[in-house]
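Inspection log for the structure reproduced underneath, given as structure tokens.
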Amino acid sequence: MVGGALLVLASSFYGVKATGLMAQKKSPPLITLIGGLDGASVTESTEISPAIAIEIDAKAEEREAVEHYFKVSSGVVGVGTLAMVVFPPAHIIAIPALLYTLVPMFMDAYDGLKERRLKPSLVDSIAVGGAITLGLANHLNPFFFMAGAVGTWLYYLSAKLVLKTKDDSIKSLSNLFGEQARFVWLLRDGVEVETTFDAVKVGDIVVVSAGEMIPVDGSVLQGMGSIDQRMLTGEAHPVEKGSGEAVFAATTLLTGHLHIRVEKAGADAVAAQIGEIWSRTADYRTSVETRSEQLSNKAVLPTLGTGALALLTLGPIGATAILLSNFSDAIQLAAPLSTLNFLHLAAKSGILIKDGRALESLKNVNTVVFDKTGTLTLEQPHVGNIYLCAGYDEDTVLRYAAAAEVKQSHPVAKAILLAAKERSLLLPPLDDATYQVGYGIKAHIDGHWVWVGSNRFMAAEGITIPDELQDRISDSHAKGHSLIMVAIDRQLAGALVMYPTLRPEAKVLVSRLKQRGLSLCIISGDHHLPTKALADELGIALFFAETLPEDKASLIADLQQQGHSVCFIGDGINDTIALKQANVSISLSGATSAAVDTAQIIMMDGTLNHLDHVFELSQEFDNNLHIGFSTVIGGSVMCASGVFLLHFGIFSALALQTLTLMASVGNAFLPIMKDKKAIPLLPEPLVDDVVVTLDKKVA
């Protein structure tokens, strides 16, 4: 009888679908994604890939459908409850809507059967269908229909929360990317004209000034400058580029003024890149089932078996009670809620977790691998040694260098100004504020002409570098240090050695990670000597230097084959392959879009201050999930025992299952409730933030 009734119901549900009551698919919109997806701003001006547009539309359609059926099922429960209190026979008016809400549930179960998978929706379909059949067989008894309505409402509540958890990370990601740079300067007929990046074509001449990011791949047509390519190569010091040399997008012009002939650019490339970012992020969320989904799927067959046993021994009511009390809905509700709450806790600490599974995987990590440049070191270097010539002293050389750089904003200039401030040097005034900008700066200061820049700049200006400095230059370059030459009145006065600046929080962080029993490693594209010096300073025994991007991933794969679970932390384009290879990947806000796209976790304050807190959250998250799973499974076992041993009816089983659901949801919210009572809300940083203000005159 039950099987026949369910078959009739299933047929009616397909009929509902065929008549068009289900939400119809919309045509894909033509949109351009600016600053991210799923909640980011969009304009209807530029077409993107049709496949990407359809996928985006499908995601929005799925959310709308779940929200729609959740509202309808909530209305059914509300109308049914009111009818039972005021006039029980009136519950009949809610039956058509109840049948309507069962369509997606049955469709999902049927799709699973076609794929030879037993999905939790199959148990829900049989349970709710059984309750409705019992209602029909018992003279439209409202209690059976109400039981089916509650079961349906729990199904859509779970689906709604699961979908919200899955989509939350990509909505946060859209805010991370921010507004993309959309304007560049082109040279047309000898005049610099501002235009949209979409309008740039191969062969155009782009003008880039100091401090700006190079927006295209191309070759230098005119000018010279110092370019920070660390995001591409991992090298700590800038490279000098002149006429005819290649430059690349996503690198930064530190000093100089360049005319660049465009070789690769275009709005299509930008749209494709953003679409690919979204697509890969979606892959992260759908490629592996979550632990709760796995557990729910594995429980389907035992639940059906227990229901069949109850049908044979207790009859239809006992079987329906068993099926309605299955834990799949509860566990698929509690687990996403726990995940979502921990993602919110992480966000309050300045940690964006794009993939909740990364939080789970962190508990298994036993090796942390750092990229060197930009991750363990800061963008801004610092002045180390000062080599002297021609009888000048250190303060004089530094004073004139700082005076020449006082209006510059690139990292090297800031480092020189900071060194002058630390020595409390007074800067001489500028008599002539006209600069010759290239590989360095030429300025007229206090009656003297001053040159500040690279040895290549000095050679171009006809300034001789003494022999005693040549060996020191070679030695510094071998160690990965860059030298800034300072000449006064066409005579070399000295050279400033620029050292990479270790992140102030790095030493404390390394100590804390070691206390957790984690193995540490550094992988760098930089030279051997500076990498070794940094490793020695931090007390990290294992390091790899002069590593190509593809070799970084190979090294991580080697560690994994040796039994290590690896967390890799990087920030450059050259780190993306390694980030993809690692078990858990972390990057910093302000890193390249490629690194931020690939990494599963982003430190939003741009520092490593809260990295140790990520591991702490992972452990708490694992404990919370374990308690939630134990609560749900234990409640379901008690409910099944009550049906077999104490002859629980449908509502008794539902009541106990509801209590179990409330307990598991309460456990999922427990971290949030604890956090509201905690002071402070954010974990203490490893070091205090230091804000340095550089004035034109350094007192």
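Derivation of every value follows stated rules applied to the coordinates shown; laboratory data play no part. Model, not experiment: these values are computed from the prediction. All Cβ positions, even for glycine, are placed from backbone atoms using ideal geometry, and neighbour counts span all protein chains on display.
Taking a threshold of 28 Å on the Cα-Cα distance, which of the pairs Lys201/Lys372; Lys354/Lys552; Lys201/Lys414 fall above it? The partial results should precede the final answer.
Numbers: Lys201/Lys372 36 Å; Lys354/Lys552 23 Å; Lys201/Lys414 35 Å.
Beyond 28 Å between Cα atoms: Lys201/Lys372; Lys201/Lys414.
Each of Met213 and Asn364 was given a label point 7 Å from its Cα along the Cα-to-Cβ line. The distance between the two points is 3.4 nm.
Remark: Cys567, Cys389, Cys639 ranked as Cys389, Cys639, Cys567, counting other beta-carbon atoms within 10 Å and listing the fewest first.
In this structure the amide hydrogen of Ser482, modeled in the peptide plane, comes within under 5 Å of the amide hydrogens of Met498, none closer than 5 places in sequence on its chain.
The relative contact order of segment 382-499 comes to 32 percent, based on Cα pairs under 8 Å that sit 6 or more residues apart. Length gained on full extension, Arg116 to Val508: 135.9 nm, using 0.36 nm per residue less the C-alpha separation. Inter-label distance, Leu312 to Ala541: 6.1 nm, where each label sits 7 Å from its Cα along the C-beta direction.
At full extension, Glu192 and Ala557 could sit 126.5 nm farther apart than now, given 0.36 nm per residue minus the alpha carbon distance. Around the amide H of Leu588, modelled in the peptide plane, lie the amide H atoms of Met603, all under 5 Å away and 5 or more residues distant in sequence or on another chain. Per-residue Karplus couplings for segment 624-633, computed as 6.51 cos²θ - 1.76 cosθ + 1.60 with θ equal to phi - 60°, are listed in order as 5, 4, 4, 5, x, 4, 5, 4, 5, 5 Hz, Gly and Pro entered as x. Note on segment 508-522 and segment 582-617: Cα centroid distance 16 Å, given to the nearest whole angstrom.
Phi-derived couplings, Karplus 6.51 cos²θ - 1.76 cosθ + 1.60 at θ = phi - 60°, listed residue by residue for segment 122-130: 5, 5, 4, 4, 5, 5, 5, x, x Hz, with x used for Gly and Pro. In order along segment 668-675, the Karplus-derived 3J(HN,Hα) couplings, from 6.51 cos²θ - 1.76 cosθ + 1.60 at θ = phi - 60°, round to 5, 8, 4, x, 5, 5, 5, 5 Hz, and Gly and Pro are given as x. Shown is the FRET efficiency for Leu221 and Lys201, computed with R0 = 22 Å from the Cβ-Cβ distance and rounded to the nearest 0.05: 0.90. Taking the fewest neighbouring Cβ atoms within 10 Å as the starting point, the ordered list for Asp675, Asp204 is Asp675, Asp204.
Put simply, the amide H of Trp449, placed in the peptide plane, has neighbours under 5 Å in Asp489, leaving out anything fewer than 5 places away on its chain. Remark: spin-label model distance Phe669-His68 equals 3.0 nm, labels positioned 7 Å along the Cα→Cβ axis.
With neighbours defined as other Cβ atoms within 10 Å of a residue's Cβ, the residues Asp124, Asp471 order from fewest to most as Asp471, Asp124. Quick one: if the Förster radius is 56 Å, what FRET efficiency do Ala655 and Glu616 give, using the C-beta to C-beta distance and rounding to 0.05? It comes out at approximately 0.90. Which of the residue pairs Lys114/Lys580; Lys363/Lys507; Lys114/Lys298; Lys114/Lys363 have a Cα-Cα distance greater than 27 Å in the structure shown? Result: Lys114/Lys580; Lys114/Lys363 exceed 27 Å.
At full extension, Asp471 and Leu518 could sit 12.8 nm farther apart than now, given 0.36 nm per residue minus the alpha carbon distance.
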